[in-house]
Structure formats: structure tokens, C-alpha cells
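Reading through the C-alpha cells given below for one structure.
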Amino acid sequence: MSQHLSFSDLMEHWQEVIDPSEARSCGRMKIASEGSSASLNYFNTGYGIAYCSYDCLFSEDLIVESKEGGKGYSFLFFNTGDSVSLKERENAPEMIFGAKNFWSGKIHEGFQGIGHYCKNHHYGSRSIIFKNDLFDDLIQEELPVSENEHFSLLVSRRTDSIQELLLQELDKMVSFEGRLQEIYMESKILELIYRTYHRSDRGLEVDDLNTQDIHSIQKAKEILLQDIANPPSIKELARASAINEFKLKKGFKHLFGMTIYGMLHEERLKSAKELLEGDDVSVQEAARIVGYKSIGHFSKIFKERYRILPIEVAKGRRRYHIKEVLER
């Protein structure tokens, strides 16, 4: 449920809800007033890792001061908006966090940060907060880029194409609800952590995918799912997406965790299940609509996927309708 707070409240409370030492929780905070807006989505895993996405647009220049009064924390910060200026205390050197870059380090007790935000600029970040002992296990080989009494910066790099894709996938959290949303977010957060701190251990043939390759593979996914009943061949899909077949097949599985036809079957079965649950269609009609010609094959893979036969889903729908009519 969204919380409607003032900007000062948002800044004051965000660290309270984004606490890796807290129990598992998930929520949102949103505000909008006089041309300014801000939103914060957060998820605490319950085992030392928390995630938050933050987006804001201010109608006037703003200086935001923050103070870390607790035990401090470790962070992985991705800048997904315009560049932002931050410095520790008024007379400290200014640090510029540029767009499409990420940083990792530690905020120690006593840190006082001062951020400068310009009006009509979009500021956005995706951050993962760690308990310090867990973070130390992850990056024990890293040497500080810069360090002082209250702040340690250990990693400062350009966000790569795979990280960008994972950040986009995390933004899809609003498409899910409840436990499914938590499972989805947790899987993407862990994948992003692994990608960031174990880049040298990837060992995959398609690690050198560039931004255009990522765009082409995402386009291929969109084309594939436009008409699941009559999908293009891999050759046609590669041509339409401007990428060679080998890189498309390898890259698709690497980015989405399944083969092209694996995703096609997953979407077909999901659509068929929705038809059987919500519309007055037979099993044969549902199979035909999503692109299966063999009813036997459709029933077999449906049962493997959902542990129930499609005819049982249809019967359950009819029993529900009958009960609804009798109760009127």
C-alpha cells in the first residue's frame, strides 16, 4: 500500500524501511505536490539484504541533508537518472554520481551527506543495502577507491548491458503481487549482486553482448510474443531483430533464463490457463487459440506445468458458475 508523505518525511523515513537487519517486508511510498513528485519502492529480504528503487522530479532546486546515526551499512548504488552531486559535510570535496554508473562501498556511523538536486531533472536510483558482514564476504578482494572516516568507496564503474537489463526487470515488480512479487524481486536482486561482484567469473560465451545485441534480443522477445499462435521461425526472428541466429539463441537463454521455444511454450500455457479459468471455451478451443494442434500433447505439457489437466481447470470453472447461479 502506498504511503503519502511530505518530502521531508520521505527523506527521514526511507532509511528506516530500507534496513537489511529488519524482517522481510515490501512496500511503497509516494508523494506529489506543487509540480514535484517522488516514489520509493522497497523490499527487505530478511537475511541481510534490502533493495529500493527511488525516482523523483523537483519543481525547484533542492538541497537534501541526510545523517547516518546507526551502525552504518554497505551499499550497491546504480544511478538510473540524471547526474547528482553529493558531498560529505559542507566543506568536503564534491562527488558527482553520473548517469548509468554504479558505485559500491560503505557508509559509516556519523556520515552526513549533502545532495544537490536541480529543478526539472529526473533523479533515479536502484540501491541494494547490505549488512556489513555479508558485504565483506562478497567483496573481500576489493581495495578502496577512496576512503575517509565516514565513507568508503570500493567500486566505481560504468553499468554494463546485463546490469541494465536486470535493473529493467526489477522495475517490473509492479506487475506482480504478494508472494510472487517477493520471489521475483529476490531472484533478480541476487542475480544483479552476482553479476556485479563476480564479473570475472562469468565464463559464458555471450558475455560480450553489447548494447545493440541486448536491444535486438529484447526486440526478438517482443516479436515472438506478439502472436504466440503463429510465431516466426528462429531464422525469421533473427532477421527481424537484426542479429545472427547463434547470438540470438545463446543470448536469449542467457538474458531470460530459457530458450526461445521454452518461453513460447510458457506463454502459450499461461494464456491457455487464463482462457480456461476466465472464458467459456473448451479445452480444444483454448489449445487451438494459443497454437497447439495436438490436444493430447497440449494436455500432457499442461499437466507437467501446472500439475492439473486442462479439463479439470475447465470443470472447476463450470462448477464455480453453477454455484454462483444457485446463490443468486
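The values are calculated or read from the model by the stated rules, or taken from the named source; none is laboratory data. Remember, predicted model here, so these are calculated numbers, not experimental data. Backbone-built Cβ (ideal geometry, glycine too); neighbour counts: all protein chains shown. Side chains are part of the model used for accessible areas, which takes the heavy atoms of the whole protein and leaves out ligands, DNA and RNA. Shrake-Rupley method; radii C 1.70, N 1.55, O 1.52, S 1.80 Å.
Restriction of the trypsin sites (Lys or Arg not before Pro) in the range 264-313 to DSSP coil positions whose beta-carbon has at most 15 other beta-carbons within 10 angstrom yields Lys293, Arg307. In the context of the full protein assembly, Phe256 retains an accessible surface of approximately 30 Å², using a probe radius of 1.4 Å and ignoring ligands and nucleic acids. Which FRET efficiency value, to the nearest 0.05, do you get for Lys30 and Asn244 by plugging their Cβ-Cβ distance into 1/(1 + (r/R0)^6) with R0 = 45 Å? So, using R0 = 45 Å, E works out to roughly 0.55.
An oblate overall shape is assigned to the range 271-316, the ratio a/c of its alpha-carbon gyration tensor axes (a ≥ b ≥ c) being 1.5 or greater and a/b not exceeding b/c. Subtracting the Cα-Cα distance of Glu22 and Leu225 from 0.36 nm times their residue separation leaves 69.1 nm of extension gain. For the residue pairs Lys131/Lys249; Lys131/Lys273; Lys172/Lys249, the C-alpha atoms sit more than 31 angstrom apart in Lys131/Lys249; Lys131/Lys273. Ligands, DNA and RNA left out, the accessible area of the range 187-309 computed with a 1.4 Å probe is 49% carbon and sulfur.
Taking the centroid of alpha carbons for each part, the range 165-189 and the range 234-310 are 22 Å apart.
If you put +1 on each Lys and Arg Cβ and -1 on each Asp and Glu Cβ, how big is the dipole of the range 236-294 around its Cα centre, in Debye rounded to 20? Kindly include the intermediate steps, with their values, before the conclusion.
On the way: 10 positive and 9 negative charges, 107 e Å.
My answer is approximately 520 debye.
Spin-label model, Lys303/Asn120: points 7 Å from Cα along the beta carbon direction are separated by 6.4 nm. Placing dummy labels 7 Å off each Cα toward the beta-carbon, the span from Asp61 to Lys293 is 6.9 nm.
Extension gain for the segment Asn132 to Met95, taken as residue separation times 0.36 nm less the Cα-Cα distance, is 11.0 nm to one decimal.
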